[in-house]
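**Student:** Pasting in a structure now, in structure tokens, and then I'll have a few things to ask.
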Amino acid sequence: MANRAFSKFIRPETPARGEISDRDLDILATVLRYRFSSAAQLVRLVGGNEDVTHRHLRRLWEWQLINRFAFPGIRTHSEFFYYLDNRQALELLAERRGLEFTTPYWKSFADTARRIIAVLPHVANTCSSDF
């Protein structure tokens with residue numbers, strides 16, 4: 001199996017192995033609470049080491065528990081903004097932390113995410129559309 005070059009915008013076919021830690025759950029809960037958060041905001045909100053938080057964010061993205069996008073720039077893209085776009089992360093939080101998520105809340109969250117993605121058509125190609 002040949003190693004592909006690291007890509008910030010394409011998920012690997014086989015994500016890295018590992019277990020969901022308490023820090024991962026903290027990150028998921030923070031993303032859920034603030035809906036769309038930049039990487040820098042999440043680092044400050046979750047606390048701890050910045051590099052470790054970025055590593056956890058990348059792993060959660062590879063596992064398809066969170067999604068992300070970046071605004072295009074002239075020379076480079078902006079930082080990543082993270083959001084939840086599937087129910088798997090919510091179910092994981094509910095199972096591990098005992099949180100209850102009602103259907104109307106999830107529906108309003110999905111509708112909000114769809115509206116924001118519709119406003120940003122250049123971002124839609126990098127975002128998952130399976131709400």
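**Student:** Name the pairs whose Cβ atoms lie under 8 Å apart, with the first residue in segment 21-46 and assigned to a helix (DSSP H, G or I) and of a type in the set (Ser, Thr, Tyr), the second modelled with pLDDT of 90 or more and open to solvent by 40 Å² or more (accessible area, probe 1.4 Å), and 6 or more positions between them or separate chains?
**Tutor:** Sorted first by the residue in segment 21-46, then by its partner, the pairs are Thr30/Leu45; Tyr34/Gln41; Tyr34/Leu45.
**Student:** Here is a follow-up. Got at least one residue in segment 49-69 being modelled with pLDDT under 90, crowded, with 17+ Cβ neighbours inside 10 Å and part of a strand (DSSP E or B)?
**Tutor:** yes
**Student:** Please enumerate the residues belonging to segment 79-90 that are farther than 15 Å from Thr30 by Cα and either outside any loop (DSSP other than H, G, I, E, B) or open to solvent by 40 Å² or more (accessible area, probe 1.4 Å) (or both).
**Tutor:** Hits for segment 79-90 are Glu79, Arg87, Gln88.
The values are calculated or read from the model by the stated rules, or taken from the named source; none is laboratory data. Keep in mind that what you see is a predicted model, and the values were worked out from it rather than measured. Virtual Cβ from ideal backbone geometry, glycine too; neighbours counted across all protein chains shown. Just so you know, the surface numbers come from the protein's heavy atoms only, side chains and all, with ligands and any DNA or RNA stripped out. Shrake-Rupley method; radii C 1.70, N 1.55, O 1.52, S 1.80 Å.
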